[in-house]
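Read the structure below first, then the notes.
The values are calculated or read from the model by the stated rules, or taken from the named source; none is laboratory data. In this text, all values refer to a predicted model and were calculated from it rather than measured experimentally. In this analysis, Cβ positions are derived from the backbone assuming ideal geometry, glycine residues included, and neighbour counts consider all displayed protein chains. Just the protein is used for accessible areas: all its heavy atoms, side chains included, with ligands, DNA and RNA removed. Shrake-Rupley method; radii C 1.70, N 1.55, O 1.52, S 1.80 Å.
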Amino acid sequence: MAVALAAPGSTFSKQLLFSLLVLVLFCNACQKISLQIPSHLKAGTPVGKVNLEECLKSPSLILSSDPAFRILEDGTIYTTHDLHLSSEQKRFSIFLSDSQRQEQKEIEIELSAREKKVFRKRHTKDPVHTRSKRRWAPIPCSLMENSLGPFPQHVQQIQSDAAQNYTIFYSISGPGVDKEPFNLFFIEKDTGDIYCTRSIDREQYDQFLVYGYATTADGYAPDYPLPLLFKVEDDNDNAPYFETKLTVFSVPENCRSGTSVGQVTAIDNDEPGTLHTRLKYKILQQIPDHPKHFAIHPDTGVITTTSPLLDREKCDTYKLVMEVRDMGGQPFGLFTTGTITISLEDENDNSPYFTQTSYTTEVEENRIDVEILRMMVQDQDLPNTPHSKAVYTILQGNENGNFKITTDPNTNEGVLCVVKPLNYEVNRQVILQIGVLNEAQFTKAVNGQTPTMCTTTVTVKIKDSDEGPECQPPVKIIQSKDGLPAGQELLGYKATDPETSSSEGIRYQKVGDEDNWFEINESTGNLKTLKILDRESKFVKNNQYNISIVAMDAVGRSCTGTLVVLLEDFNDHPPQIDKDLTICQQEKDYAILEPVDLDGPDNGPPFQFFLDNSASKHWTLEPQDGKRAILRQRHNLNYNFYSVPIQIQDRHGFSAKHMLSVRVCDCTVPEECRMSVREERDAKPNVVLGKWAILSMVLGSALLLCILFTCFCVTTTKRTVKKCFPDDVAQQNLIVSNTEGPGEEVTEANIRLPTQTSNICDTSASVGTLGGQGIKTQQSFEMVKGGHTLESSKGAVLGAADAGRYAYTDWQSFTQPRLGEESIRGHTLIKN
């Protein structure tokens, strides 16, 4: 095998020779490829392309045994000088080596020049041969993009086996022939040579599928159509370009080295996966160029910072001129440049500072809500952001809260105001220390230090002014005993003139006294009681009674103060209790006593409870926690009203006696208790009669006996008398009523008159009239004689004279108990 080397005697020639000899001796044959080419080739003409990866993946060394040919990394074979091929075939080898895996491979290339053949015609009498089902054995073919010609350029030759016996005519069809793009290929019908008429753009057409046909002169096709695939080999004719024309990135200032800024991307329209689209990125220039702050990864296009010294206050924007180049960044690769902008984001790494180290201002005393000073600050951070907006603070000198400082949102100035009156007589000047910060927290600066607060001093001079009286303190407390009688004098309120520090010439007036307890001395301000002071009054809150006082000087200037009279509690109220109690037997057999003491806690509970000896037979009293006691039955009592005398004593022995009215009832809750009339009547004998009640009872009984005696006498002596009363019975009947309330109106409708004329003093008639329906009573009563009943509530008229005669003793036994009841009731009403 002929091997072409470099000039003999040179070092490079020896190294190349040694490498080539090693490859020849130790490499293994991989494959053999045959290519048909024109007989004449100019220098730099692509001969063909070999798939190197099928033989050896990732070769580190590619050599050609013939120096007339150059092999690129993608397997494309180029001529290095003009080449003339004779009728003989030309052979050379491509040697591949992988230094890491110690592998060597060899690819044999066989080149042959195309030749023309003489064909003969097929006669009609010749026997017809069957079509061949096998392929015509086309040679693999590829076309170089952007070929310079000369055109027409030979592409490939197809031949049919039938041409050995007949004259065959060849034709093609498909894209590039009779379809878009038209007339790109044509074929010589006699020889089967296919030619290309012009250059091809791979980015527009990367391959063509053309069908070849072989026919005889009479149109006979001895073979099936042959598919021919022409692949367009890529030419590096497209420079890469940046995907975005205007690229802007941002990064915080003072960031660490290696911080990612952004990523640039570029596009190359050449064939992917080849050297033509293997891109490399590079920064050509940084503006401003010193110092260098940025770097770019050559393969990914990621931009990072290389220095922690990015300071927005020195330079807020950088521009980078970028280059992207294909062919792996080799000098002969195509490239494009572009510019990106990097903006630095502001950080609060600069503290604000006052333009002056000290300030002086003045204000009149007693002025409030007035602006006295404005202070300007400077800040190098970005304006109108939290990094530069100032926040002012009074650090010292404002212990009394006389001043307030705010920030003017428009000018960022500190505005100092007086919000509480200043007193010239107390202090003639105030020295304030004021600090300033930003709304945002400080961050570390370029030098690694954190900014600190800046301070300044403000001297406020207070101007004197003539002012009215002062009520100091605004609220004054005096003490007084509970129950202090009227006419007593108490120390009052005092106001002073701040100019003279005395109370001379000041007049006092009372403007608030809810219950009019006091009068005020106009000259001294002392108080004099008009009523007895009562701590338990509704106008006293928390043992305090308030009086509002106005102090006025001769000019009319005034101030207002409050005088609080603190009343000391006096034990003048015994414990009180609700005297009406109800015990529901179905639920419990006791009642809970909860007394109340109007005095304060010091004169109230714990209470002591005492039960009168007269009630201890039926009741017991059990103290609980010093505030309550339980009144319990010794045994189950009848449903009735009971009077229970007890005594309750507070912690200091002040006591009072109470008569409890306890109702024992058959109920579950007190609201359900409804005692009958008989039970109420039976409960009344427990009431003690007074002397006037007994006298009324005696006089009433005597009067009734006189009337009954008179009627009895008249009845026995004058039986023939028809009437002893006028005919107007409806108006002369006696109405008997034992109700304590007002009676009902007596009308003719509710009076039963006798049915026949008779002696009105007749016993039967009298009883019938007294028991008529016109009388309504609160209780029913009855009188029985000989088994017959007289019911006044039913109004029954006793008809038979013999059965209805009643003697005086009968009436007396009937009326006497009821007169006693009426007397008892009258006594009870009088006592209550």
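Quick notes on this one:
- Taking the DSSP beta bridges with both ends in segment 170-261, the antiparallel portion is around 95 percent.
- Summarising the label geometry, the points placed 7 Å from Cα in the beta-carbon direction at Ser343 and Trp692 lie 10.6 nm from one another.
- Taking every alpha-carbon pair under 8 Å whose residues sit at least 6 apart, segment 243-327 reaches a relative contact order of 39 percent.
- Restriction of the trypsin sites (Lys or Arg not before Pro) in segment 250-287 to DSSP coil positions whose beta-carbon has at most 15 other beta-carbons within 10 angstrom yields Arg256.
- Placing Cys711, Cys665 in order of accessible area, with the largest value first and a 1.4 Å probe, yields Cys711, Cys665.
- Estimated FRET transfer efficiency when R0 is 22 angstrom, pair Gln89-Lys231 (beta carbons, to 0.05): 0.35
- Highest average first, the peptides 554-560, 334-340 ordered by how many other beta carbon atoms sit within 10 Å of their residues are 334-340, 554-560.
- Largest-first principal axis extents of the Cα set of segment 471-581 (Å): 68, 23, 18
- Over segment 552-601 - Rg/Rh using Cα atoms and the Kirkwood inverse-distance radius: 1.50
- Length gained when the stretch Tyr353-Glu243 is fully extended (0.36 nm per residue, less Cα-Cα span): 35.0 nm
- Counting lysine pairs in segment 301-453 whose alpha carbons fall under 21 angstrom apart, excluding pairs fewer than 8 residues apart on the same chain, gives 5.
- Length gained when the stretch Ser199-Asn640 is fully extended (0.36 nm per residue, less Cα-Cα span): 145.4 nm
- Arg198, Arg312, reordered so the largest accessible area comes first (probe 1.4 Å): Arg198, Arg312
- Contact order for segment 489-559, expressed relative to its length and based on alpha carbon pairs under 8 Å spaced 6+ residues apart, stands at 35 percent.
- Tensor-based shape of segment 245-359 (alpha-carbon gyration tensor, a/c under 1.5 rounded, otherwise prolate or oblate): prolate
- For a paramagnetic label modelled on Thr443 (point 7 Å from Cα along Cα→Cβ), amide N atoms under 17 Å away belong, within segment 253-270, to 253-262.
- His297 - accessible surface, heavy atoms, 1.4 Å probe, Å² rounded to 10: 90 Å²
- Theoretical gain in end-to-end length, Ala113 to Thr300 [0.36 nm per residue, Cα-Cα removed]: 62.7 nm
- Working from label points 7 Å from Cα in the Cα-to-Cβ sense, the Ser558 to Asn423 distance is 2.2 nm.
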